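Structure first, then comments.
Every number here is computed from the coordinates shown, using simple stated rules; none is lab data. Every value quoted in this text rests on a predicted model; they were computed, and no experiment measured them. Cβ atoms come from the backbone with ideal geometry, glycine included; neighbour counts cover every protein chain shown.
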2 protein chains.
Amino acid sequence: MKEVKISLIGYGIVGHGVVEVLNKKRNILKGLGLDLTLISVTDHTGTILDDKGIDADKILSEKTLANVATSGMKGKEVIEAIDSELVIEVTPTNIVHGQPGLDHMESALSGGKHVVTSNKGPLVVAFNHLKKLAVDNDVMLKFEATVGGTMPLISLAERTLIGNTIYGIKGIFNGTCNYILTRMAEESIPYLHALSEAQDMGIAEVDPSYDVEGVDTAGKVVILANALFDMSIKYSDVSVIGITGITPEALSLAKKRGYVVKLIGDVPALTVRPTLVPAGSPINVSGTLNSAAISTDLSGTITVTGLGAGSIETASAILSDIISIYMTKPIDFYF
Amino acid sequence: MKEVKISLIGYGIVGHGVVEVLNKKRNILKGLGLDLTLISVTDHTGTILDDKGIDADKILSEKTLANVATSGMKGKEVIEAIDSELVIEVTPTNIVHGQPGLDHMESALSGGKHVVTSNKGPLVVAFNHLKKLAVDNDVMLKFEATVGGTMPLISLAERTLIGNTIYGIKGIFNGTCNYILTRMAEESIPYLHALSEAQDMGIAEVDPSYDVEGVDTAGKVVILANALFDMSIKYSDVSVIGITGITPEALSLAKKRGYVVKLIGDVPALTVRPTLVPAGSPINVSGTLNSAAISTDLSGTITVTGLGAGSIETASAILSDIISIYMTKPIDFYF
């Protein structure tokens, strides 16, 4: 049995999902030989610590840790002080400066701890720096949950298609935009009307610009380019056009000609823009679904679709990353 | 560097693809630490042997091995006599008795050799028997290429989604049927007309019954049920209806109501039948594409689509399986 002590940094929607999933799957994971114990959870109010394992029932009903924190330690202090071998980083994302996640990841990797994250910001700002830290300290940096949520895109490209040369990846990487475009096309309603509906349903934020201006999608393009195409690009290298200028008339004209309009991120083209997609294309998915088409030399084009967001779904991608750390070996390592 | 000597049994379309792909990817694989050497290739005419590695250029232009065979040995003799640690089994499939592949796989697994295959027959007839042989002899039986060709369904379900409970898998597992149904819907042509077109294009066999009666799809349902759902079922446990009774009128009626008709295999329902699928569903793919929707407890529904067949594409799935043998470890094995 491999015992792994874990620190969770960040206790928002995804953090709650992580606690729930680790708790729910504890016995199944033990059956696989993996005993995962969450020994600390931290948010902006403080930290709850228990070396025997945090009681999920005790904290899941709490929106923040304010009422249950046993220590005032913040993220970086916890990472440096606590004897965990793996850090799950799920603090709020900031793709301009990457903080506070960037500090957390640097501390963890430098300290020889694996990092698993859904936090795009630090990877957009400093992917190659973080990757080098991981390699230098002989630990893993895993980030499936940063792109396409539950859609196993990184794992597919890095592991399953490992013998292939990947020519490119195109896809729908933002569920909010896809929902708005889907509703505009279905009901022939203007952008602002569909946005307002999405906001009412909690699918779009009160300030939707991060999604609808294409910023979120562009961040994912940066991560994919650096992680899967050995590029070394910044956010500003991506050419970005969002969906705010799309009219129902444009969608209806496209439909007449057998197309839909989707916000497509493209690597290695490094573009994000509303794009005509043939209606019959596998990447044409509707509602909040995400999709990605991976074009390869041997396997043709493989397309994967799934939910782009959600507390449990994102936590599931994080869990999958954790398991892969302990199930994947470099081929020549054990021979 | 891990050196792996490989015997290839079967030298039809897929076998040619395997030789081509192993040759093409040799240096990339060495970069991963994996030195794959094909030391024998066998078909019904005999065997070509070279312990230093078969010269791909010498045999790729040959339709059979008749002109280049250096030995009269057949599959089982080769497996028993040759010092390979991995056998690629790609002989013609027979889902009634599984031969000759079943004998080949039994010999290889019993002799402590890994088996990687695209051959459905032996797995449909004797999956649990073969799986037990593999476990008893501490080797791997890998069969991604048997279901959905290049679509990484088994790997997704077994590895990437390992923390998930899989509720079910529904999909389009036969490219020939999908092509026929797609053309019938597009052009409002009768079944026999579309079949004839598919035959002209080499997409359907002269005797198409294996595909159009649902036999091939049902075989894949058997493999998925036994491999991913711990079932122990036979071909006769699957309820099968093919596509020969579908009319263009039915397709056109479905279309009016926002549906398409696809031949869907369903596990664990153990059914194969023409099914109404919402036009916007991610499993609605056209032409010869395959698709599969995996519904899970944590990740929602993940859908994957890709080419269901093809020489290089199938060989790519075989290569992916080979790599995974040497890159995947049981979690508790090394601790």
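Relative to one another, the C-alpha centroids of region A:108-125 and region A:274-301 are positioned 29 Å apart. Among the listed pairs B:Lys2/B:Lys120; A:Lys120/B:Lys170; B:Lys30/B:Lys132; A:Lys5/A:Lys131; A:Lys76/A:Lys113, those whose Cα-Cα separation exceeds 24 Å are B:Lys2/B:Lys120; A:Lys120/B:Lys170; B:Lys30/B:Lys132.
Taking A:Gly149, A:Gly33, A:Gly17 in turn, the Gaussian network model of chain A (Cα-Cα springs below 10 Å) assigns the largest fluctuation to A:Gly33.
Working from label points 7 Å from Cα in the Cα-to-Cβ sense, the A:Thr247 to B:Thr328 distance is 5.3 nm.
Could you line up A:Asp43, A:Asp57 from fewest to most neighbouring Cβ atoms inside 10 Å? Write down the numbers at each step before the final one.
On the way: A:Asp43 23, A:Asp57 9.
By the 10 Å Cβ count, ascending: A:Asp57, A:Asp43.
Sorted ascending by nearby beta carbons within 10 Å, beginning with the fewest, B:His16, B:His44 become B:His44, B:His16. For the protein assembly as shown, the Cβ-based charge dipole about the Cα centre amounts to some 560 debye (Lys, Arg positive; Asp, Glu negative; other atoms uncharged). A Gaussian network model of chain B, with springs between Cα atoms under 10 Å, assigns the largest mean-square fluctuation among B:Val240, B:Val68, B:Val18 to B:Val68.
Remark: region A:254-335 carries a charge dipole of roughly 580 debye about the Cα centre, counting +1 on each Lys and Arg Cβ and -1 on each Asp and Glu Cβ.
When the helices in chain B are scored as -39500 (n - 2.57) per DSSP H run of 4 or longer and the sum is shared across all residues, what 222 nm value do you end up with, to the nearest 500 deg cm²/dmol? Don't skip to the answer; put the middle values down first.
Numbers: 12 runs with 124 residues, N = 335.
For chain B, the value works out to -11000 deg cm²/dmol.
Each of B:His114, B:His97 was scored by other Cβ atoms within 10 Å of its Cβ. Arranged with the fewest first, they read B:His97, B:His114. Only Lys, Arg, Asp and Glu carry charge here, each on its Cβ (+1 for the first two, -1 for the last two); on that basis region B:198-238 has a dipole of about 220 debye about its Cα centre. In a fully extended conformation the segment linking A:Ile28 and A:Ala66 would gain 10.6 nm over its present Cα-Cα distance, using 0.36 nm per residue. Note on chain B: GNM, Cα springs under 10 Å; of B:Gly75, B:Gly308, B:Gly168, the largest mean-square fluctuation is that of B:Gly168.
Under 11 Å from the Cβ of B:Thr117, count the other residues' Cβ atoms, weight Lys and Arg +1, Asp and Glu -1, and hand me the total. Each step should come with its number before you reach the end.
On the way: positive: B:Lys120, B:Lys142; negative: B:Glu89, B:Glu144, B:Asp321.
Net of charged neighbours comes to -1.
Note on A:Val96 and B:Ser188: the model spin-label points, each 7 Å out from Cα along the C-beta direction, lie 5.8 nm apart. Extending 7 Å from Cα along the Cβ direction at B:Asp200 and again at A:Leu276 yields two label points whose distance is 2.9 nm.
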